[in-house]
Every structure is written in C-alpha cells, then in structure tokens.
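Okay, structure first, notes after.
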Amino acid sequence: MTDKPSHFETYWGRLDDELANLSSRPVLEALPRHSSEHFTVYAVRLTSYGPYRIFGFFSMPKGSGPFPALFEVPRYGSVNNVPHWNDRRRYVVLTLMHRGQRLADEPYAAAYPGLLTDGIDDPDKFIYKGIVADCLRGVEFLLGRPEVDAGRVGIRGNDLALLVAARRHAFRAVQVEATFFYRALEARHMTDEYPLEELNDYVRVRPSAEAAVAATLGLFDPVHHAPAVKAATVLGVGPGLGLDGRTWLRPLLEALGAGVEEYQLTHRGGDDADWFDAWLARQLGTEPMSRFDPVPG
C-alpha cells in the first residue's frame with residue numbers, strides 16, 4: 001500500500017480553500033418530464049473548481065418538509081441517470097454529473113477509457129482533483145437547501161463517497177458499494193478490467209511515470225481519508241478473496257474503525273440493492289422501497 005503523503009492535509013486543505021473563495025452561482029430549471037405529483041425534478045448548474053460549470057439532477061418530494069436527503073456520487077462512465085423513482089419519492093436527491101460527463105462536457109469531454117489517467121503524473125493537474133471538488137461543491141449545494149433535514153443526510157456510491165464524507169462531516173450515513181481508488185496501484189496487477197486497466201496501459205507506455213502515478217494515487221486512496229469519516233458507514237464485501245473480499249479490504253475496514261458495518265454481497269443485483277436501500281432508509285428515518293416494486297409509467 002502507498003504511504004500517506006506528507007502533504008496530504010495541505011493538498012486537500014488548499015482545495016477546500018479554493019472552493020470557499022469561489023461562488024457556486026446555482027441555476028435551477030424545472031424538468032416537468034421527470035417530475036410527478038409526488039416530486040419535482042430540476043436541472044441544476046453550479047460553478048466548481050477551475051472555474052468549471054457542472055450539472056446535476058436535483059429532485060425534491062412535494063410537501064412541507066424538511067426531508068431526508070441523499071447525494072449520489074457520480075459513477076465512472078459518461079452518463080448518470082435521473083434518480084430512481086423510489087428515491088425521488090422519499091429524499092431530496094442530488095445526482096451529480098462531474099466535469100467531462102454528459103451534460104457537463106463543455107469545454108471538457110471525458111474519454112472512456114482515459115479519464116482515470118488524465119493528468120495523473122501531477123496531482124495538481126490530475127482530473128480527479130477537479131472531480132472531487134465537483135462532488136464537494138454538489139454536497140455544499142445540497143446541504144444549503146432549506147428543504148433538507150440537516151440531521152438526515154446520506155451519501156451513496158463508490159469510494160469517492162468516503163473522500164467526500166471525510167471532508168464534509170454533515171452526513172449521517174455513507175453507503176459504499178464498491179471501491180475505486182483503494183490500493184489502485186496494487187489492484188491493477190490483479191485485474192485486466194477497466195478502469196484499473198487504464199493504469200496498466202499508462203505505465204506500459206510510460207514506465208518512468210510509475211513513481212509519479214503512485215504519489216498521486218496516495219492522495220486519493222480512501223484508506224488515508226477513512227479515519228476522518230464520522231458517519232455510520234456500510235461497505236459491500238464480497239464472499240471471496242478478490243478485490244471486494246474481506247482480506248483485500250481489511251486495511252480499509254480497520255481505517256474506518258468501529259463505525260463501519262460490512263454487508264456480504266450476493267452479487268444478485270436486486271437483492272443487494274434492496275438490502276442497501278433498507279439500510280439507508282433506516283439510517284435516514286424513512287421507509288424501505290424495493291427495486292422490484294412497480295414504477296409508475
């Protein structure tokens with residue numbers, strides 16, 4: 001594993017300062033196509049680090065509120081969808097599109113594969129510095145909404161959720177279904193699947209860059225962020241010895257401490273989704289809703 005860089009706090013503290021000095025300038029536009037009698041969905045645009053304008057789907061239940069809230073970390077891919085119908089019914093939800101993703105792809109359009117190694121030689125030019133900033137900016141917007149019950153806010157996604165929760169302590173619950181940056185330089189030797197294979201591709205072409213890549217990834221490894229996470233956390237753990245197995249994840253689980261709960265993944269999509277849904281609903285004080293329930297047309 002990479003050691004925690006000596007300039008870790010300086011690097012992330014500087015990013016926090018840069019965001020604090022940059023107005024988000026939110027603009028909301030109602031999206032009737034995605035709204036219903038139960039909720040209203042908006043397109044929201046915000047100014048993030050750079051400066052760069054990012055996009056999100058922002059949904060609010062109808063009623064008096066305040067409501068529990070959920071921030072969905074952007075997945076690795078060009079498109080993120082409107083929040084699930086069940087989530088729109090229960091939560092104020094922000095599903096973010098970071099810089100480069102569809103609807104936030106001007107002037108920068110992300111390449112897949114290629115995003116993971118964009119600027120990776122230099123931590124100040126690494127694209128994920130901006131992407132983490134985009135997530136932090138989105139969380140700031142969500143937490144600032146009067147419709148949100150500040151004591152019932154959750155975050156869901158890959159291990160980027162841990163980086164965000166480590167730097168913004170307003171969350172009650174953190175749901176991590178898969179890791180992304182965790183031990184990435186080691187993990188690349190254990191798989192040929194993308195996006196980790198992007199690291200192999202990059203180092204094959206530029207073998208002299210491996211030390212610089214390791215230095216950058218050390219800043220993003222969630223094992224170094226985990227001790228700062230204050231919220232109740234659940235981490236999906238696979239049944240085997242692979243990259244989602246408990247043996248591999250042990251350092252991360254230990255770094256998260258007593259506040260982490262392990263969920264044994266079945267890799268049956270609906271069953272796992274329903275378990276995570278019920279866990280999050282319990283943490284945020286609302287009712288579970290199965291993904292198998294019919295969704296109105």
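Computed from the coordinates by the stated procedures, all read-outs in this text should not be read as laboratory data. Everything numeric here is computed off the predicted structure, so don't read it as measured data. Because the Cβ atoms are built from the backbone with ideal geometry, glycine has one as well, and the counts that use them run over all protein chains shown.
Shown is the FRET efficiency for Thr10 and Leu241, computed with R0 = 45 Å from the Cβ-Cβ distance and rounded to the nearest 0.05: 0.75.
For GluC sites (Glu not before Pro), the sites in region 170-235 that DSSP calls loop and that have at most 13 other Cβ atoms within 10 Å are Glu193. If you take the Cα centroid of region 90-168 and the Cα centroid of region 185-238, the two points sit 17 Å apart. Shape verdict for region 1-126, please, from the Cα gyration tensor: rounded (a/c under 1.5), prolate (a/b greater than b/c) or oblate. Prolate is the answer for region 1-126, as a/c is 1.5 or above and a/b outweighs b/c. Of the Cα atoms belonging to region 8-284, the radius of gyration and Dmax stand at 18.2, 59 Å. Here the simple spin-label model places points 7 Å from the Cα toward Cβ, and for Thr191 and Leu28 these points are separated by 3.7 nm.
Looking at region 1-69, the GluC sites (Glu not before Pro) that sit in a DSSP loop and have at most 11 other Cβ atoms within 10 Å of their own Cβ are Glu37. Note on the chain: GNM, Cα springs under 10 Å; of Leu136, Leu160, Leu103, the largest mean-square fluctuation is that of Leu103. Dipole of region 107-214 (Lys/Arg Cβ +1, Asp/Glu Cβ -1, origin at the Cα centre): which of Thr179, Val203, Thr191 lies farthest to the positive side? Farthest along the dipole direction, towards plus: Thr179.
Where both bridge residues fall in region 43-129, DSSP classifies roughly 75% of the beta bridges as antiparallel.
Qualifying trypsin sites (Lys or Arg not before Pro) in region 46-84, where qualification requires a DSSP coil assignment and no more than 14 other C-beta atoms within 10 Å, comprise Lys62. For region 183-200, backbone phi angles converted through the Karplus equation (6.51, -1.76, 1.60; θ = phi - 60°) give residue-by-residue couplings of 6, 4, 5, 7, 4, 5, 7, 10, 7, 10, 8, 7, x, 4, 5, 4, 5, 4 Hz, Gly and Pro being listed as x.
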